[in-house]
Amino acid sequence: MAQPETELRVDFVGGAVGHRLRFGGGRGQDLAKAMGLRAGKTPTVIDATAGLGRDSFLLASLGAQVTMIERSPKMYALLQDGLERAASEGGDVAEIINRMTLLHGDAKDLLPTLDGEAILIDPMHPPRNKSALVKRELRQVREIVGTDDDAADLVRAALDAAKQRVVLKWPAKADPINGVRACSHQILGKSTRYDVFMIG
């Protein structure tokens, strides 16, 4: 029987990503607001936990230059494949992909060498108590990347490296990550919240 993760693929053209690109609500979206994208302001972004690359793609679609970091070799390969396929589409999608750069490595090591105004961190979220299984795609990602037990270390590394802000994407009802200072403010969605740490 095939391993479940072989079914996973990164798609920047169709499905949820394509829908969000067409109907997402532009800079009014919670993620864009949390990252500091507003009229006349487009910070350079580092996505320290690239995963499926969807948040990076959204931010790039709004004009941001985005550097994505992924430490899982398998996830990195899936992202590379998705970026290449999307770039070959040409048109608007290729233009967005041109604003995205993918790096392989541990963000804790790479962040000090990069120049980012806003850093996004979206670690694997703690398992939910609900009995309903997490969406299959997210289960597959978890199987590939593991549990991100070093999330607190990553947030601290980002706070040292960011010029303007660090944003932690986290389940709306989850406790704050232990060992990290209190955030400056939060943007709350239905199931997700963004803890925003302003620098300086």
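Each reported figure results from applying straightforward, stated rules to the coordinates on display, with no laboratory input. Because the structure is a prediction, the values reported are computed rather than measured. All Cβ positions, even for glycine, are placed from backbone atoms using ideal geometry, and neighbour counts span all protein chains on display.
Some notes on this structure:
- Relative packing of 55-61, 173-179, 111-117, 70-76, which averages over residues the other C-beta atoms within 10 Å, highest first: 55-61, 70-76, 111-117, 173-179
- Taking each residue as 0.36 nm, the span from Ala16 to Asp81 lengthens on full extension beyond its C-alpha to C-alpha distance by 21.6 nm.
- In straight-distance terms, cross-link reach from Lys33 covers every one of the aspartates and glutamates whose alpha-carbon lies under 17 Å from its own, apart from those fewer than eight places away in the same chain; here that gives Asp47, Asp55, Glu117, Asp122, Asp195.
- Built amide H within the under 5 Å cut-off of Gly36, gap 5+: none
- C-alpha center-to-center spacing [region 29-80, region 158-181] in angstrom: 16 Å
- Kirkwood estimate for the chain, i.e. one over the average of 1/r between Cα atoms, Å: 17.2 Å
- Region 19-61: C-alpha pair distances exceeding 11 Å, %: 66 percent
- Of Leu159, Leu110, Leu168, the one that fluctuates the most in a GNM where the chain has Cα springs shorter than 10 Å: Leu110
- Projected label points at Arg181 and Glu137, each 7 Å from Cα along the beta carbon direction, are separated by 3.6 nanometres.
- Förster radius 30 Å - calculated FRET efficiency between Met124 and Ser88, Cβ distance, rounded to 0.05: 0.50
- For Thr67, nonlocal amide neighbours, meaning residues 5 or more places apart or on other chains whose placed amide H falls under 5 Å from its own, are Val45, Ile46, Asp47, Thr101.
- Gly116 long-range amide H proximity, modeled H, under 5 Å: Lys163
- Remark: region 111-122, residue by residue, has Karplus-estimated 3J(HN,Hα) of 3, x, 9, 10, 10, x, 7, 10, 10, 9, 10, 10 Hz, where x stands for each Gly or Pro and the curve is 6.51 cos²θ - 1.76 cosθ + 1.60 at θ = phi - 60°.
- Placing dummy labels 7 Å off each Cα toward the beta-carbon, the span from Leu103 to Leu188 is 3.5 nm.
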